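Colleague: Okay, here's the structure, questions in a sec.
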Amino acid sequence: MRLKLSTLCIAATLALCASLTTGAQAATVASIAPSFAPNHAGVGTALTLGITFSNQQGAVPEPLTHMVVHLPAGLSINLRGIGTCSRAHLEKQLGHGCPASARVGSGSAQVGAHLGAINLNEHASLTAWRGPNQGGRSTLQILGIGLSPLEEHVVLSGVLEPDSAPYGQKLVMTVPPIPTLTGEANASVLHTSVTIGAARGRLGGLLRVPRTCPAHGFAFGGDFGYADASSSSTTATIPCP
Amino acid sequence: MERVMSRFGVVLAALLGCICLVGATTAGAAENVTIHAAFTPNKAGSPTNASGSTTIMSTIPGEIPSPIIGFTIKGPAGLTLNTKGTGTCSVAILEGPAGPEGCPKNSVAGFGGGMGALKLGTQIIEEPFTLNFFLGDNRPGHTVLLLYVNAVSPVSIQLTFTAVVEKEAAPYGLGFHFNIPLIPTLPGASDATVESAHVSIGAPNVFYYEKVHGKRKRVHVKGLILPKTCHGGLPVETSISFQDGTTNETKLKLPCPKGSKK
């Protein structure tokens with residue numbers, strides 16, 4: 001009788017542990033780090049946006065499915081002289097053959113996946129391209145290429161839309177799955193940094209720092225959606241010039 | 001308690017191992033085994049990923065499957081293994097403090113996971129597990145696969161198994177066999193078993209960097225390469241032996257690779 005009772009206790013304890021573990025789901029959160037270079041009112045600038053994703057329990061973050069980047073009011077975007085490259089061309093030719101004038105920026109990303117009991121990380125290079133307008137709105141496409149350990153590429157597409165204060169415009173982007181192996185989890189973006197525009201040269205007039213600055217600085221925001229249907233939002237500012 | 005955990009893990013690992021390349025449904029005396037398998041991409045003479053999944057159910061309602069005590073997987077003749085550019089890991093590393101994270105990344109051969117189970121009284125307790133495959137030896141003709149099984153909750157399990165890749169008799173090619181010890185779990189409880197599992201081995205797009213004459217060179221690890229010829233399908237066979245004395249054999253033919261010659 002004692003043996004049976006102890007066995008039942010162990011079983012109940014194990015079952016409880018299992019249910020607790022299943023029920024505990026860690027959330028993925030994001031932080032953004034924008035910067036202008038240079039940061040002078042009204043001048044041509046390069047906008048660098050860093051985004052870091054993390055899991056509150058230290059695990060690999062959930063794969064990103066979509067995001068909205070809110071840009072500060074007054075940020076000037078001048079697409080004169082900027083060409084376009086189609087998403088299909090980027091996917092098939094990886095940017096080769098696209099007009100050089102369509103390339104508007106570059107960056108890098110670190111992606112990762114938990115496969116079995118190990119974490120696999122991969123560095124990816126990013127290039128940003130202006131895409132064909134959609135419904136009269138400008139689009140941005142980001143081509144990501146990873147070379148090792150898995151050769152993969154993805155194209156993120158975004159549409160520039162009007163936004164409400166304190167923002168001026170927002171970039172609404174969809175993020176396709178980043179496959180790993182058949183039957184295994186898709187990869188997640190751990191960190192990414194993209195620079196659009198430049199202070200001088202061909203891209204010198206693409207972005208201009210707002211001429212006026214709110215008291216708390218230039219406002220940026222990010223809304224992120226993940227594969228597990230969860231979401232997170234974050235804000236950041238660039239100090240006034 | 002620790003001993004019990006280890007035994008449970010061994011059972012899990014045993015059951016998991018059966019999964020690899022197979023695909024079909026067969027009814028044994030006490031277990032129904034359903035297996036699906038595929039090569040992706042399925043292109044003649046090209047590197048590929050072999051994936052498979054299985055579910056194992058007892059034919060007796062309310063019972064868990066009998067534990068696996070051994071299994072064999074045989075791939076089709078002409079399926080070759082190219083390990084150029086790979087590294088190797090060892091049982092010592094896997095069982096050491098670093099665990100699978102201590103293995104060279106280029107020794108990774110595959111991944112997987114599934115659901116294990118044991119029965120206490122009338123209650124069935126399930127436990128998810130993960131699988132990692134590493135190359136223990138990458139010399140042509142002497143390939144050794146290491147299988148690392150990890151389960152976290154409700155019981156912590158970390159176990160390593162070894163299998164030698166061998167040439168099987170026609171119409172098969174490469175194959176491997178795992179012997180699985182019979183493993184009890186808790187006093188008065190059933191031995192542990194596996195209810196489902198999936199495995200993914202090899203990939204067509206694996207690249208690593210290595211230094212050649214002082215220069216960093218990117219090397220394509222081809223891994224599994226599909227045959228260039230195929231006659232009516234690619235034969236694959238699995239044989240799973242259960243603790244209850246039954247053996248489940250599954251023979252299937254996967255579609256011929258695109259572009260293969262007859």
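Colleague: Could you say whether any residue in the stretch B:146-154 is within 22 Å of B:ALA38 (Cβ to Cβ) and modelled with pLDDT of 90 or more?
Modeller: Yes, because at least one residue in the stretch B:146-154 is within 22 Å of B:ALA38 (Cβ to Cβ) and modelled with pLDDT of 90 or more.
Colleague: Let me ask something else about it. So, of the residues in the stretch B:32-71 that are in contact with an Asp or Glu (Cβ under 8 Å, 6 or more places away or on another chain) and touching a residue at least 40 places away in the same chain (Cβ under 8 Å), which turns out to be surrounded by the fewest Cβ atoms within 10 Å (Cβ to Cβ)?
Modeller: Here the residue is B:MET57.
Colleague: Is it the case that A:THR192 is under 30 Å from B:PHE111 (Cα atoms), within 14 Å of chain B (Cβ to nearest Cβ) and either over 13 Å from the mean Cα position of the chain (by Cα) or part of a strand (DSSP E or B) (or both)?
Modeller: Against the criterion (under 30 Å from B:PHE111 (Cα atoms), within 14 Å of chain B (Cβ to nearest Cβ) and either over 13 Å from the mean Cα position of the chain (by Cα) or part of a strand (DSSP E or B) (or both)), A:THR192 does not qualify.
Colleague: Which of the numbered conditions does B:PRO76 fail, given that it passes all the others? Conditions: (1) farther than 22 Å from B:PRO181 by Cβ; (2) within 11 Å of another protein chain (Cβ to nearest Cβ).
Modeller: (2)
Colleague: Residue check: is B:LEU174 under 17 Å from the mean Cα position of the chain (by Cα), closer than 23 Å to B:LYS222 by Cβ and more than 10 Å from chain A (Cβ to nearest Cβ)?
Modeller: yes
Colleague: Being within 14 Å of chain A (Cβ to nearest Cβ) and farther than 13 Å from B:GLU127 by Cβ is the filter here, so list the residues in the stretch B:144-157 that pass it.
Modeller: Scanning the stretch B:144-157 gives B:LEU145, B:LEU146, B:LEU147, B:TYR148.
Colleague: Considering only strands (runs of 3 or more DSSP E) fully contained in the stretch B:193-238, which possess at least 2 residues that are under 14 Å from B:ALA77 (Cβ atoms), more than 9 Å from every other protein chain (Cβ to nearest Cβ) and modelled with pLDDT of 90 or more?
Modeller: B:223-225
Colleague: Here is a further query. Which count do you get for residues in the stretch B:206-255 that are buried (at least 20 other Cβ atoms within 10 Å of the Cβ) and in contact with a His (Cβ under 9 Å, 6 or more places away or on another chain)?
Modeller: Going through the stretch B:206-255 one residue at a time, the tally reaches 1.
Colleague: Return the residue satisfying two criteria in turn: it lies in the stretch B:155-185 and is out of contact with any Gly (no Cβ under 8 Å at 6 or more places or on another chain) and of a type in the set (Ser, Thr, Tyr), and of such residues it is nearest to B:HIS142 (Cα to Cα).
Modeller: B:THR160
Colleague: Kindly establish whether B:LYS262 is within 23 Å of B:SER51 (Cα to Cα) and touching a residue at least 12 places away in the same chain (Cβ under 8 Å).
Modeller: no
Colleague: Only residues that are in contact (Cβ under 8 Å) with a residue 60 or more places away in the chain and over 16 Å from the mean Cα position of the chain (by Cα): list them for the stretch A:117-132, please.
Modeller: Once the filter is applied, which keeps residues that are in contact (Cβ under 8 Å) with a residue 60 or more places away in the chain and over 16 Å from the mean Cα position of the chain (by Cα), the stretch A:117-132 yields A:LEU120, A:ASN121.
Colleague: While we're on this one: Looking at (1) more than 12 Å from chain A (Cβ to nearest Cβ); (2) assigned to a loop (DSSP other than H, G, I, E, B), find the lone condition where B:GLY85 falls short.
Modeller: Result: B:GLY85 fails condition (1) only.
Colleague: Next question. Evaluate the following for A:SER164: is it at pLDDT 95 or above and not in a strand (DSSP E or B)?
Modeller: It is true that A:SER164 is at pLDDT 95 or above and not in a strand (DSSP E or B).
Colleague: Now a separate question. Of the residues A:LEU126, A:LEU94, A:LEU79, A:LEU120, which is modelled with pLDDT under 95 and in contact with a Ser or Thr (Cβ under 7 Å, 6 or more places away or on another chain)?
Modeller: A:LEU79
Colleague: Could you figure out which of (1) touching a Lys or Arg at 6+ places or on another chain (Cβ under 7 Å); (2) free of Cβ contacts under 8 Å to residues at least 40 places away in the same chain isn't true of A:SER157?
Modeller: Of (1) touching a Lys or Arg at 6+ places or on another chain (Cβ under 7 Å); (2) free of Cβ contacts under 8 Å to residues at least 40 places away in the same chain, only one is false for A:SER157: (2).
Colleague: What's the total number of residues in the stretch A:112-151 that are more than 14 Å from chain B (Cβ to nearest Cβ) and either of a type in the set (A, V, I, L, M, F, W, C) or out of contact with any Phe, Trp or Tyr (no Cβ under 8 Å at 6 or more places or on another chain) (or both)?
Modeller: Residues that pass the stated criteria total 18.
The values are calculated or read from the model by the stated rules, or taken from the named source; none is laboratory data. Small disclaimer: the values here were computed from a predicted structure and weren't measured. Virtual Cβ from ideal backbone geometry, glycine too; neighbours counted across all protein chains shown.
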